[in-house]
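Enquirer: Please find one structure pasted underneath; my questions will follow.
The values are calculated or read from the model by the stated rules, or taken from the named source; none is laboratory data. Quantities reported herein were computed from a predicted structural model and do not represent experimental measurements. No Cβ is skipped: glycine too gets one built from the backbone with ideal geometry, and neighbour counts run over all protein chains shown. All accessible areas refer to the heavy atoms of the entire protein, side chains included, with ligands and DNA or RNA removed. Shrake-Rupley method; radii C 1.70, N 1.55, O 1.52, S 1.80 Å.
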Amino acid sequence: PEEYLFLSPIVLPSFLRLISTNTSMILHGTGSHSVYISFLKALRYVNVAAEPNLHTRVITFGFEEGHLTGTTVTTLILFSGTNDFPPNISPENFNTRFVEESNQIAIVTSNVRIIDRDSIPVSYVELLVEIVNIFDIGGDLISLMPGFTLPDDIEMVVISDVKLMFSGNASLDSYEQVLLGLRYSYLYPEFVNLATRLVIISISDDPSNTGFFTVTAEIELVAVNDQHPSLLALFSVELEEDEGIGNLLLRIPFDDDDTNSVSTPNFSL
């Protein structure tokens, strides 16, 4: 059990008997009032839950003497929660693919959830989204999908094309909708670099105290063969009469605008 009653070190007289469970204690015998008062002073309540329920606990005390029942009294234990954990995003890793010249793609999947481990309600939240490995300045872009309406109590700050910050006093459900509205796109017709993009998503409800909870989203870039090769030079070749054409080897330099192209071009001569 994570909450229970116990006695601080105390020596009970042999003529008293204690029957106890985690949430109750019964002391009976023929001792004087001072013995029972010492028992009450040694009584302790313990709660070891990382995030206890904040409902008030009520402890009642009843007294009986022979056939007489005394007045029942109560002690209230009030709880005050602390904000010591940032909200959690699950799952903690997302993976998606962006095909060259595609439209925008979602950064997170539809099963994304934001859960707060603290027992006190969330008020202010900060959400940071950033691509941390940039190779093509001006090519990568993080944005919200067209037509997305940002809640009135969430403010968006565009720090750069690849870094956005959202903050405000909105619910965690509202921030889930923001995550679902995030989009990745690539602005150049051809990838300059095919390295998988790593997006870091961080959230906190008290950055100075609890820090940030961070998850990652990996975006694999997939190139397509949509550019024809082009010759880099023209050649004029003179052949002598009766020279064997089979002895002539032509090396024609060419270029292909496709990123990381591995196809073999076909030439017509």
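Enquirer: Quick check: pseudo-label points 7 Å beyond the Cα along Cα→Cβ at Thr56 and Asn103, how many nm apart are they?
Expert: Computed distance between label sites Thr56 and Asn103 equals 5.6 nm.
Enquirer: With the full set of protein chains in place, find how many percent of the accessible area of region 1-125 is carbon and sulfur; take the probe as 1.4 Å.
Expert: 55
Enquirer: Tell me, what is the per residue accessible area of region 17-147 in Å², probe radius 1.4 Å?
Expert: 63
Enquirer: Oh, and also: Under the rule of at least 5 residues apart or a separate chain, name every residue whose amide H is placed under 5 Å from the amide H of Glu3.
Expert: Val48
Enquirer: Kindly report, to the nearest 10 Å², the accessible surface of Asp84 as traced by a 1.4 Å probe over protein heavy atoms only.
Expert: For Asp84, solvent-accessible area is about 70 Å².
Enquirer: What order do Val125, Val35, Val158 take when sorted by accessible area (1.4 Å probe), most exposed first?
Expert: From most accessible down to least: Val158, Val35, Val125.
Enquirer: Separate question: Report the calculated FRET efficiency for Phe148 and Thr196 (r = Cβ-Cβ distance, R0 = 30 Å), to the nearest 0.05.
Expert: 0.75
Enquirer: Compute the length gained on full extension between Thr21 and Asn209: take 0.36 nm times their separation in residues and subtract their Cα-Cα distance, giving the result in nm to one decimal.
Expert: This chain segment gains 63.9 nm when fully extended.
Enquirer: Now, a different point. Add +1 for every Lys or Arg and -1 for every Asp or Glu among the other residues with Cβ under 15 Å from the Cβ of Leu164, and state the total.
Expert: Taking every Cβ under 15 Å from that of Leu164, the sum is -2.
Enquirer: Return the loop-located GluC sites (Glu not before Pro) in region 1-72 (DSSP other than H, G, I, E, B) with at most 13 other Cβ atoms within 10 Å of their own Cβ; answer none if there are none.
Expert: The qualifying sites are Glu2.
Enquirer: Using 0.36 nm per residue of separation minus the Cα-Cα distance, give me the extension gain between Leu7 and Ala223 in nm, one decimal.
Expert: 70.7 nm
Enquirer: Grab the Cα-Cα distance for Ile77 and Asn95, subtract it from 0.36 nm times how many residues apart they are, and report the gain in nm with one decimal.
Expert: So the chain would gain 1.7 nm between Ile77 and Asn95.
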